[in-house]
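The structure appears below as structure tokens.
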Amino acid sequence: MNEGRVSRGAEKALGIIGIVFNLIVIVSTILLISNSGSFQNSPQFQQFEEEIRNNPSFSNPQDAQAAIDAFVASFGVVGWTLVALLAISTLFAILALLNLRKDKNAKLAGAFFIIAGLFAGVLSLTSILFYIAAIMCFVRRAKHRRDDDLRYRDDNGGARTDSHSQRTDHTETRTDEALHKKEDTPYRPL
């Protein structure tokens, strides 16, 4: 049995695009977290604080201030959690790309792409790219060819044309005396 190789260029391209998207989101999230102190002093944040303090659902100003402080604290925690999850997703995507180098590990690369997609977020653009790459890793297989199949013995790679199916060369036929000799047996030599 001959095994052909499957080009994994599409899976690699989807993985690289997903990694680039992850890195862009990681860098932008880190920048947002590091600049959150300047955001707290901005007029937009001051207006947000006033709207929360004037909200009638808060009975006293201490509750409103506690809600504002919880929002500011959770922004940093959620941001760093997002950075950590995307870093893990990027790591699994890199492992998947490394496993795609060897054609035998396409299933393992597909599993790594699925894990990377889960860490990138269930329905984000990056995770969808990783899911598509994983499906392609699982589905695309090398074509198995048998060596004794006559279709693949042609010089044209198995593609037959009408000119090959008909005999066009003018070879001389055998004029052996034994071939034309009339004998008692009805059998002729091959």
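The values are calculated or read from the model by the stated rules, or taken from the named source; none is laboratory data. Because the structure is predicted, anything quoted here is derived from the model rather than measured. Glycine gets a Cβ as well: all are built from the backbone with ideal geometry, and neighbour counts include every protein chain shown.
Points to keep in mind about this one:
- The residue that is farthest from Leu82 (Cα to Cα), among those in the stretch 128-141 that are out of contact with any Phe, Trp or Tyr (no Cβ under 7 Å at 6 or more places or on another chain) and either without any contact (Cβ under 8 Å) to a residue 12 or more places away in the chain or of a type in the set (A, V, I, L, M) (or both), is Val139.
- Looking only at residues of the stretch 123-145 that are surrounded by 10 or more Cβ atoms within 10 Å (Cβ to Cβ) and over 16 Å from Ala13 (Cβ atoms), we find that the one that is modelled with the lowest pLDDT is Arg145.
- Qualifying residue in the stretch 59-74 (condition: within 22 Å of Ser127 (Cβ to Cβ) and without any contact (Cβ under 8 Å) to a residue 12 or more places away in the chain): no
- Filtering the stretch 75-101 to residues that are among the hydroxyl-bearing types (Ser, Thr, Tyr) and touching a residue at least 60 places away in the same chain (Cβ under 8 Å) leaves Ser89, Thr90.
- Filtered residues of the stretch 1-15 (kept if hydrophobic (A, V, I, L, M, F, W, C), surrounded by 15 or more Cβ atoms within 10 Å (Cβ to Cβ) and at pLDDT 80 or above): Leu14
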